[in-house]
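Only one structure is covered here, and it is reproduced in the block below.
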Amino acid sequence: MANAWREHVKKTMSEMKAMAHGKTVMLRDVLKQAGKTYKKSGKSAASTGKTMKKKKTAKRRKSSKKR
């Protein structure tokens with residue numbers, strides 16, 4: 001069983017091939033279109049009440065050369 005995203009991509013590809021009338025349909029174009037029309041469903045971070053934390057990045061010091 002494929003996940004919801006892959007099912008949506010398959011559906012979008014079949015729709016785009018039907019509209020192309022024998023022309024080549026590029027996967028990158030299918031993924032762009034699928035990304036515009038995809039709606040997430042099921043459990044997500046927002047629906048479970050959990051929030052994503054930002055990772056702290058290490059700040060680099062500017063190196064100062066002594067002369």
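The values are calculated or read from the model by the stated rules, or taken from the named source; none is laboratory data. None of these values were measured; they are calculated from a predicted model. Cβ atoms come from the backbone with ideal geometry, glycine included; neighbour counts cover every protein chain shown.
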Subject >> Every pair of residues 6+ apart whose Cβ atoms lie under 9 Å, when the first sits in region 31-59 and is of a type in the set (F, W, Y) while the second is part of a helix (DSSP H, G or I) and modelled with pLDDT of 75 or more >> reply: Y38/A4; Y38/W5; Y38/H8; Y38/V9; Y38/T12
Original post:
Which residue pairs have Cβ atoms closer than 7 Å, lie 6 or more positions apart in sequence or on different chains, and pair a first residue in region 1-23 that is touching a residue at least 12 places away in the same chain (Cβ under 8 Å) with a second residue that is surrounded by 10 or more Cβ atoms within 10 Å (Cβ to Cβ) and outside any helix (DSSP H, G or I)?
Top reply: W5/Y38; H8/Y38; M13/V25; M16/V25
**OP:** Scan the helices (runs of 4 or more DSSP H) fully inside the chain and keep the ones with 3 or more residues being at pLDDT 80 or above and either loosely packed, with under 10 Cβ neighbours inside 10 Å or out of contact with any helix residue (DSSP H, G or I) (no Cβ under 6 Å at 6 or more places or on another chain) (or both).
**Re:** 4-20, 27-37
